[in-house]
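A short write-up of the structure that comes next.
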Amino acid sequence: MEILTIIYIAGALIAGIVAGFLIAGSRLNASAKKEKENLIKEAEVKSEAVKQEKILQAKEKFFQLKSEHDKAVQQRNAQIVQAENRAKQKESELGKKLEEINRKDKELEHLKSQAAQQIEVYKHRADDMEKSHRRQVDMLEKISGLRADEAKAQLVESVKAEAKTQAMGYVKDIMEEAKLTANKEAKKLILQTIQRVATETAIENSISVFHIEGDETKGRIIGREGRNIRALEAATGVEIIVDDTPDAITLSCFDSIRREICRLALHQLVTDGRIHPARIEEVVEKTRKMLEEEIIETGKRTCIDLGIHGLHPELIRMVGRMKYRSSYGQNLLQHSREVANLCGIMASEMGLNPKIAKRAGLLHDIGKVPDNEPELPHALLGMKLAEQYKEKPEVLNAIGAHHDEIEMTTLYSPIIQVCDAISGARPGARREIAEQYMKRLKDLEALALSYDGVEKTYAIQAGREVRVIVSSEKVNDARAEQLAFEISQRIQTEMTYPGQVKVTVIREVRATGYAK
C-alpha cells in the first residue's frame with residue numbers, strides 16, 4: 001500500500017509540474033507573439049521611410065542627368081550650326097575662286113592670241129633681216145674678194161695669235177712670281193711641320209747590360225765548366241760577356257731581336273732558379289714565341305696610333321720588327337712613326353690625302369727589316385714588298401723614290417723624302433762611332449779643298465754643312481756657283497752620310513787703302 005501511495009504521490013507531483021510548465025509556456029508564447037507584431041510594424045515603418053528616401057534620390061539623379069543631357073544636346077547643336085556656317089563660308093570662297101579662275105582663263109586665252117600674232121610679226125621681221133644680212137654679206141664678199149668663212153678664219157687666227165702673246169706674258173710673270181715665293185713658302189711649310197711634331201730621341205746600342213744580385217747568381221748562370229752560358233749563347237746567338245763588373249752581365253749582339261730574346265730568357269731563368277741546358281733551350285723557345293706575338297701586337301698598336309687601316313698582316317709584323325732595328329743608332333720604328341706624322345701634317349698643309357702620306361711614311365724603310373736580298377737597296381726592296389702585299393701605286397712610288405733610286409711620279413714621293421731627311425738630320429737623332437764621324441768630317445774638308453782656288457774648308461753642324469772659302473782673284477762669281485754644284489755632286493756620289501749636306505761657297509773681295 002505504501003508503495004502504491006508513493007507512486008500516486010509521485011504521479012501527482014509530476015502531473016503538477018507538467019501543468020505548471022504548460023501554463024508558463026502559454027504565457028511566454030503570448031508575449032513573444034506580441035513582441036513579434038511590434039517588430040513587424042517597426043520594420044514596415046522603416047522600410048516605408050527608406051523607400052521614400054530612395055525615390056527622392058532617384059528623382060534628383062534623373063533631373064541631374066536630364067540637365068546634363070540637355071546641355072550636351074545644346075552644345076552639339078551649336079557645333080553643328082558652326083560647322084554649317086563654315087561650310088557655307090568655304091562654299092562662297094570656292095565660288096569666288098572659281099569665278100577668278102574663269103576670268104584668268106579668259107585673259108590667258110586673250111594673251112595667247114596676242115602672242116601668236118606677235119610671233120607671226122617677228123617671223124616676218126626675221127625673214128626680212130635674214131634677207132638683208134645675206135645681201136650685206138654678198139656685198140662685202142664682192143668688195144673684199146673673200147668668202148665669209150675665209151674672213152672668219154682669218155679673224156680667228158689673228159685673235160688666237162694676240163691671245164697667245166698675252167698668255168705668254170702672263171705665264172712669264174706668274175713663273176717669276178712663283179720662283180720668288182716658292183722657296184719662302186717651302187721653308188714656311190717645313191718649319192710649321194717640324195714645330196708641330198715633338199718626338200723623343202731614341203738611340204740604339206749593340207749591347208745590353210743584365211743586372212743580377214750577387215756573384216752566386218753569376219756562377220749559376222755560367223754553370224759547371226761554363227756549360228750553361230755556352231748553351232745560352234748557342235740557343236740565342238748572343239755573345240755573353242761575364243767580367244769583373246759587379247752585379248752585371250753584358251749581352252752583345254748586332255741583332256736587337258736576338259739580344260732581347262736572350263735578355264728575357266735570362267731574366268726568366270734567374271727568376272725561376274732552374275738553370276741547366278735543357279731548361280735554357282725550353283725557355284729560349286718560349287721567349288722567342290712570346291716576342292713574336294709582342295712584335296705583331298706592336299705593329300697593330302702602331303697602325304692604330306697613326307690611324308692606318310687595312311694593312312696586310314705581314315706588313316704589320318714587319319712594322320713591329322722595326323722596334324728591334326736601328327739605323328745609325330736611331331730606332332727604326334720611332335723614326336718611321338716620326339716620318340709618318342711629319343708626312344701627314346705636310347700633306348694636309350698641301351691639300352693632299354694625309355692617310356696615304358702617313359701610310360707611305362710608315363712603310364718607307366720597310367726594306368730594312370728583311371734579312372734576305374741584301375744586294376737590293378732598301379728603298380727598292382721596300383717597294384717590292386709593298387707591291388707584293390697590294391699597296392697603292394702612290395705608296396709604292398713614295399717608298400721606292402725616297403732615295404732617288406726611281407723617278408718620282410706623285411707629290412707624295414718628295415714629301416716622304418723631305419720628312420725622312422728632317423727626322424734623320426735632327427741633332428741627336430742619330431749616332432755614329434767617333435772614328436767614323438771624325439773620318440767623314442775630314443773627308444768632306446779634303447774633298448772640297450782639292451779644287452783649284454779653294455783656300456779653306458770647314459765642316460760644321462756635325463757634317464751637315466761644308467763652308468768653302470775661295471780666293472777672289474782666282475774664282476769669280478760664276479765659278480763660285482759652279483764650284484758649289486760640283487762639290488755637292490761629288491759628295492753625293494762618292495761619300496756616305498745621313499740626311500743631307502749643304503755646300504756653301506764664300507767669295508769675299510776686300511779693298512784696302514792707306515791715308516798718309
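The values are calculated or read from the model by the stated rules, or taken from the named source; none is laboratory data. Keep in mind that what you see is a predicted model, and the values were worked out from it rather than measured. Ideal geometry is used to build each Cβ from the backbone, glycine not excepted, and the neighbour counts take in all protein chains shown. Protein only, heavy atoms only, side chains kept; ligands, DNA and RNA dropped before computing areas. Shrake-Rupley method; radii C 1.70, N 1.55, O 1.52, S 1.80 Å.
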With criteria (1) at pLDDT below 85; (2) open to solvent by less than 50 Å² (accessible area, probe 1.4 Å), His403 comes up short on (2)
Just to be sure, is Glu84 among the charged types (D, E, K, R), modelled with pLDDT of 75 or more and more than 60 Å from the chain's Cα centre (by Cα)?
-> yes
Looking at this structure, is Ser31 out of contact with any Asp or Glu (no Cβ under 6 Å at 6 or more places or on another chain) and modelled with pLDDT under 65?
-> no
Any idea which residue in the stretch 231-269 is nearest to the chain's Cα centre (by Cα), counting only those that are crowded, with 18+ Cβ neighbours inside 10 Å and closer than 14 Å to Arg220 by Cβ?
-> Leu266
Among the residues of the stretch 370-422, write down those that are in contact (Cβ under 8 Å) with a residue 24 or more places away in the chain, over 22 Å from Arg317 (Cβ atoms) and of a type in the set (Asp, Glu).
-> Glu394, Glu405, Asp420
Count of the stretch 303-332 residues which are within 16 Å of Ile257 (Cβ to Cβ), open to solvent by 10 Å² or more (accessible area, probe 1.4 Å) and of a type in the set (A, V, I, L, M, F, W, C) | 1
Go through Ala484, Ala448 for me and flag whichever is among the aliphatic types (A, V, I, L, M) and either touching a Pro at 6+ places or on another chain (Cβ under 9 Å) or free of Cβ contacts under 8 Å to residues at least 24 places away in the same chain (or both).
-> Ala484
Taking Asp247 as meeting all but one of (1) on the phi > 0 side of the Ramachandran plot; (2) in contact with an Asp or Glu (Cβ under 7 Å, 6 or more places away or on another chain); (3) at pLDDT 85 or above, write down the number of the exception.
-> (3)
Just to be sure, is Arg467 at pLDDT 75 or above, surrounded by 15 or more Cβ atoms within 10 Å (Cβ to Cβ), basic (Lys, Arg) and not in a strand (DSSP E or B)?
-> no
Hey, among Pro498, Pro427, which residue is at pLDDT below 85 and exposed (fewer than 12 other Cβ atoms within 10 Å of the Cβ)?
-> Pro427
